[in-house]
Amino acid sequence: MTTSALPDWLTPPRPEGWFAEDLDHLPDAPKHVELWDGALILNMSPQRRWHHDVIRLLDHALVEQAPDGLTVLTQFTVRLDNRTRPEPDLIITSAEVPEDATMVEATDVLLAVEVVSPESSQRDRKAKPPRYAESGIANFWRVEDEHGKPVVHTFERDETTGAYVATGIHRGSLRAVQPFEISISL
């Protein structure tokens, strides 16, 4: 039996793990790497076509409807804190995002969207939403596959509690007023 050593880039640079900025210095890492509480999460599973198509549908609709000054980005990392940098499937940010940027700050994100995949379902449903809310992201959408059709669960951050409250479950079409007037045929 042959064993192979782990690549050097998988070794954390310090005892407390990885920091958000460290993700920019992993030249041999897979394309989609997230940081969660100082630990790397390698997203190496191939995405289903459904996942890709839903991201494309939402991206196109949101880019078309977003007011000036807002930017829609797909699969772009967000710094929640020094040790947590997830990659939502889609975000809307109010920040000026330079061409060479690799992340945005959570405080500049108006909406984070997660399209649930089998390999990330627990993170997308249970782990990410409370952390997004704690970091100040005002709106969150979770998209589920219901017999091949997207169902969008929308949430808004309650300023009093700092937690998300459900604002709707959308089948066939989505109409929302936050973070701006949105109408999407699903």
>> Could you list, ordered by first residue, the pairs with Cβ atoms under 8 Å in which the first is in region 173-186 and aromatic (Phe, Trp, Tyr) and the second is surrounded by 15 or more Cβ atoms within 10 Å (Cβ to Cβ), at least 6 apart or interchain?
In response: PHE180/ALA66; PHE180/LEU70
> Within the bounds of region 39-62, is there any residue that is more than 13 Å from the chain's Cα centre (by Cα), farther than 25 Å from ARG125 by Cα, exposed (fewer than 15 other Cβ atoms within 10 Å of the Cβ) and of a type outside the set (Ser, Thr, Tyr)?
Replying inline: no
> Which number in (1) under 15 Å from ARG85 (Cβ atoms); (2) touching a residue at least 40 places away in the same chain (Cβ under 8 Å); (3) surrounded by fewer than 19 Cβ atoms within 10 Å (Cβ to Cβ) marks the one condition that LYS128 misses?
Replying inline: (3)
> Within region 91-112, can you find the residues that are more than 25 Å from GLU16 (Cβ to Cβ) and in contact (Cβ under 8 Å) with a residue 40 or more places away in the chain?
Replying inline: ILE92, LEU110, LEU111
> Tell me, which strands (runs of 3 or more DSSP E) wholly within region 119-185 include 3 or more residues that are at pLDDT 95 or above and charged (D, E, K, R)?
Replying inline: 139-146, 149-157
>> Being buried (at least 20 other Cβ atoms within 10 Å of the Cβ) and not in a strand (DSSP E or B) is the filter here; which residues of region 67-86 pass it?
In response: LEU80, PRO86
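To keep it simple, each residue is scored yes or no on (1) in a helix (DSSP H, G or I); (2) among the aliphatic types (A, V, I, L, M); (3) not assigned by TED's automatic domain parsing to the domain that holds ALA112.
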| site | (1), (2), (3) |
| --- | --- |
| PRO15 | no, no, yes |
| TRP18 | no, no, yes |
| GLU21 | yes, no, yes |
| ASP24 | yes, no, yes |
| LYS31 | no, no, yes |
| ILE55 | yes, yes, no |
| LEU58 | yes, yes, no |
| GLU64 | yes, no, no |
> Here are VAL143, VAL109, VAL104, VAL113: which of them is under 16 Å from the mean Cα position of the chain (by Cα), over 23 Å from ASP37 (Cβ atoms), surrounded by 15 or more Cβ atoms within 10 Å (Cβ to Cβ) and not hydroxyl-bearing (Ser, Thr, Tyr)?
Replying inline: VAL143
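The values are calculated or read from the model by the stated rules, or taken from the named source; none is laboratory data. All of these numbers come straight from a predicted model, not from anything done at the bench. Here Cβ is always computed from backbone atoms with ideal geometry, including for glycine, and neighbour counts include all displayed protein chains.
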